[in-house]
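Trainee: I'd like to ask some things about the structure below.
Nothing in this text is a laboratory measurement; each read-out follows from the coordinates by a stated rule. In this text, all values refer to a predicted model and were calculated from it rather than measured experimentally.
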Amino acid sequence: MLLARIRRLNFGRCYAAGAEFLKEVPLVKRDGETVKAVDLKNKAIILYFSAGWCGHCRLFTPKLKVNENIEIVWVSRDREAKHQLDYYNKALPNVPYIPFGDRHISEFLQKYDVKTIPAARLVNSKGEVVDQEVRNKVQVW
């Protein structure tokens, strides 16, 4: 599985030392805890774009696993805040997400050229794409 390979290769040190590109992005977790970019130091960052209304997303999301060297940041494409939270609480692990309506969601969709979901991008600390095919690799492994 890709996540196991990322762990073995220790991509975190190479790619996401501090996740500076996220320093202005509001990130929260299930318990309401806010997450700062510095909290993601030495972790590989995968931006995961999905939504509860998306059947392919509902099939793919369970394949994502969290470990100490990887941080998945969820970028929701849900159409309402309630739908975002419902899907997050039912289907996603306790990973940081960008709250519904935040301007960074549309900026990330454009910056990372997300045309369809689910989509995933492995990014470095500057937010540059290191691997655009993460989703396909997770499905293969």
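Trainee: Over region 58-105, what per residue volume does the convex hull of the Cα atoms give, in whole Å³?
Mentor: Cα convex hull per residue, to the nearest whole number: 76 Å³.
Trainee: Right, something else. If the cut-off is a Cα-Cα distance under 17 Å, which aspartates and glutamates reach K90, setting aside same-chain residues fewer than 8 apart in sequence?
Mentor: Straight-distance partners of K90: D31, D78, E80.
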